[in-house]
Amino acid sequence: MKLYCFLIIFVALTANAFAKEIKVAVGLALPPYFISEDNSGMEYEIVKEALAYKGHTIKTIYVPFARVTKELENYSVDAAATVNSSSGLKGVYYSESHITYQNVAIALKKNNFVINSIQDLGKYSIVGFQNATSYLGENFAKIAKSNEKYIEIANQEAQTRMLFTGRADVLVGDINIFKYYREKISGSDKQQEISIYQLFTPVKYSCAFASEDLKNDFDQGLKKLKSSARYNEIIKKYTK
């Protein structure tokens, strides 16, 4: 019995010896995935609980979206969240996908735009999220490059305001982020009816790690999280 208790204590101490605080770079203005005001959010909780499986804690470093990959490349952080193989990161270890984003095109219904394809977006002024052309495929990148009225901004709350005040014809971004900011902004403009165009396939995202061991720890924790009811509980909590 004494030997058994000793082994349990030894295993616990050994696990804690390898546990560390993980610095994770994430993009600004990504609610409900990451909410910087109180360190919460759908993706935040998934990343935090997956790493906690091996005893790790996380410290989120909020930076402009375009700098997320740079922080990891410069080894200023241990990991970067909401990335995938399209991010252009080299010499890092990508985790299994932990979250899926659904990007859409959104316009005010009163404008009666005819948008049946990505190519149709070329007629309109568009506001997209930072680095959208890197994540939304070659067709979208071509349309954006040839469209003088296309811009990208990091502040997705400002994107939402631009749509409702008519400063942009079309907003391109994740539907959950849009819904979050529509509820948050003030003014009667946001009550306008909208049209949602499902032009983009869902995009699976991962975390990128500087260490393969940390990546493996995350994947093991994520697998446990997804096999339980907890993963879906987190998703539903932020997508009501």
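With the highest mean first, a sort of the peptides 201-211, 116-126 on other beta-carbon atoms found within 10 angstrom per residue produces 201-211, 116-126. Pairs of alpha carbons in the chain separated by more than 29 Å make up 35% of all such pairs. Taking R0 as 25 Å, what FRET efficiency do you get between residue 139 and residue 112 from their Cβ-Cβ distance, rounded to the nearest 0.05? According to the calculation, E is roughly 0.60.
Along the axis of the charge dipole computed for the chain (Cβ charges of +1 for Lys and Arg, -1 for Asp and Glu, origin at the Cα centre), the listed residues 117, 79, 22 are led at the positive end by 117. Using 0.36 nm per residue and subtracting the Cα-Cα separation, the extra length available between residue 62 and residue 36 on full extension is 8.6 nm.
Can you give me the orientation-averaged projected area of the convex hull built on the Cα atoms of the stretch 84-140, in nm²?
Mean orientational projected area (the stretch 84-140, Cα hull): 5.2 nm².
Heavy-atom accessible surface of residue 228, to the nearest 10 Å², is about 50 Å², with a 1.4 Å probe and all protein chains retained. Legend: distances between Cα atoms for 145/215; 149/215; 110/142; 59/223; 23/179; pairs beyond 32 Å are 145/215; 149/215. Extension gain, residue 179 to residue 211, is 8.0 nm, computed as 0.36 nm per intervening residue step minus the present C-alpha separation.
Taking 0.36 nm per residue of sequence separation and subtracting the Cα-Cα distance, how much length would be gained by fully extending the chain between residue 223 and residue 147, in nm to one decimal?
Net length gain for the segment: 23.1 nm.
Mind running the shape call on the stretch 74-217? Use the C-alpha gyration tensor, a ≥ b ≥ c as the square roots of the eigenvalues: rounded below 1.5 for a/c, prolate if a/b tops b/c, oblate otherwise. Prolate shape, in that a/c is at least 1.5 and a/b is the bigger ratio. Around the Cα centre of the chain, unit charges on the Cβ atoms of Lys, Arg, Asp and Glu (plus for the first two, minus for the last two) sum to a dipole of about 320 debye.
If you count, for each residue, the other Cβ atoms within 10 Å and average over each peptide, how do 180-189, 104-113 line up from highest to lowest?
104-113, 180-189
Placing dummy labels 7 Å off each Cα toward the beta-carbon, the span from residue 28 to residue 165 is 1.8 nm.
A 1.4 Å probe run over the chain, with the rest of the protein chains in place, finds 52 Å² accessible per residue. The phi torsions of the stretch 219-224, fed into the Karplus equation with coefficients 6.51, -1.76 and 1.60 and a -60° offset, translate into couplings of 4, 5, x, 5, 4, 5 Hz, rounded to whole numbers, with Gly and Pro shown as x. Estimated purely from DSSP H runs of n ≥ 4, each contributing -39500 (n - 2.57), the mean residue ellipticity at 222 nm for the chain is -11000 deg cm²/dmol once divided by its residues.
The values are calculated or read from the model by the stated rules, or taken from the named source; none is laboratory data. Just so we're clear, the structure is a prediction, and the values are computed from it rather than from any experiment. Cβ coordinates were reconstructed from backbone atoms using ideal geometry, including for glycine residues, and neighbour counts include every protein chain displayed. Areas reflect the complete protein model, heavy atoms only, side chains present, ligands, DNA and RNA absent. Shrake-Rupley method; radii C 1.70, N 1.55, O 1.52, S 1.80 Å.
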